[in-house]
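Have a look at the structure below before the remarks.
The values are calculated or read from the model by the stated rules, or taken from the named source; none is laboratory data. The structure presented is a predicted model; accordingly, all values stated were derived computationally and were not measured. Because the Cβ atoms are built from the backbone with ideal geometry, glycine has one as well, and the counts that use them run over all protein chains shown. Areas reflect the complete protein model, heavy atoms only, side chains present, ligands, DNA and RNA absent. Shrake-Rupley method; radii C 1.70, N 1.55, O 1.52, S 1.80 Å.
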Amino acid sequence: MPEPAGRHRHIDRAEQLRSAARVTGRDDGANGERQAMFIEGPKDIGKTSLLFEIYQRHRADGAYYVDLEYTPQEGEVLEALAAQARRQGVESPSYRTTRDRIVEQSRITHASLHNVRARNSTIQLLSASKDRVLETASMSDALLENLVAGARRPVICLDGFEACAKPMRNWLGRALLPNLLSRREVSVFVAGQHLPWLPRVYSESVHTLVLPPFDVSAVQEWIEELGLADLRDKAVAIHERHGGVPGLLAEFFDQHVEKRGPARDHQDSRDG
C-alpha cells in the first residue's frame, strides 16, 4: 500500500486533477473520451503524490493502488488487487485459490498430452510456458469480472512503472492494461518515469500527462501553508534553487521546519 496521506502534499496540481476527474467521470456512451491517464515525469516531480491523491478521492467508490516496485511478479499484482477488493467488501478469491483451481483444470485438460511431453522436453517446456500465460490470463479475467460486477466503476492506480523488469512491462502493456481498458467501467492511472507501450487500439483511450515543475506561485502557496513567515519574501530564490521540483522543495521545507522547531521551543520556554 502507498505511504500515509500525510506524506503527500498537493499544491498547484488543480489542472491535472481536473484532467483526472474527466477520466473517471466520463460518459461510457460518449465517443473520444479518455479512459486512462498515464502520468510521466522525472524523479521527484510529484507523480506518486498526484496518483495517490486520485486514489484517495475515489476510495469510497472503489479504488485500487498498487506500487509496482514492490509487486515485481504478475501474480503479486493480481493478489494485491484481490486483497484490496476483499477489504472493500468485493467478493474476490485469493490468487492462490484461483491459481490452484485453474491449475487443476489445466492439468485435466492437458492430461492427454502427458506422453508427448514426456518424450519431448522442448514441447514440455513450451507447453508449460503457455499454461502459465493462460493461467495468469484466466486469473486476471476472473478478478476483473468481480471488480466491475454490480455496476461498480473501479479506479485502478499503478505506480512506479519504471521499476518493472521487461517481462513485467510486457505483461502490463500487452495483457493487464488491455484487459482493464476492454471494460468501459474501469478507469486506469499509471505513473512512472517511463510509460507502458499499448496496442494502438487501446493507446487511443489514454491521455498522457507530463508533469511540469511547480511555478513560483506554488512555492509561495507552500510557504503560506506551512506558516513559514521568514520565507515569504524568498519564494523566487527558493524556486530557482530547486528548479520547482516538488521532491526537492519538500526536502528543503522539511529541513527548514525541523531546524526551526527546537529554536522556537527554546524561545517559548525562555518567554515563559
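Taking Cα centre as origin and charging only the Cβ of basic (Lys, Arg, +1) and acidic (Asp, Glu, -1) residues, the dipole magnitude of segment 135-239 rounds to 560 debye. Extension gain, Lys43 to Ser182, is 47.0 nm, computed as 0.36 nm per intervening residue step minus the present C-alpha separation. Here r is the Cβ-Cβ distance between Gln56 and Asp141 and R0 is 41 Å; the resulting FRET efficiency, rounded to 0.05, is 0.90.
Among Trp222, Trp197, Trp171, the sequence by solvent-accessible area, most first, with a 1.4 Å probe is Trp197, Trp171, Trp222.
Near Val190, the amide H atoms lying under 5 Å from its own belong to Met37, Phe38, Ile39, Leu158; only residues 5 or more places off or on other chains count, and H is placed 1.01 Å from N. Rolling a 1.4 Å probe over the protein heavy atoms of segment 179-225, with every protein chain left in place, gives an accessible area that is 54 percent carbon and sulfur. Leu81 sits with roughly 0 Å² accessible to a 1.4 Å probe, with DNA, RNA and ligands left out of the calculation.
The shape of segment 42-83 comes out oblate: with a ≥ b ≥ c from the C-alpha gyration tensor, a/c is at least 1.5 while a/b does not beat b/c. The label-point distance for Leu134 and His207, in a model that sets each label 7 Å from Cα toward Cβ, rounds to 4.0 nm.
With R₀ fixed at 25 Å, the C-beta to C-beta distance from Val257 to Tyr70 puts the FRET efficiency at about 0.30.
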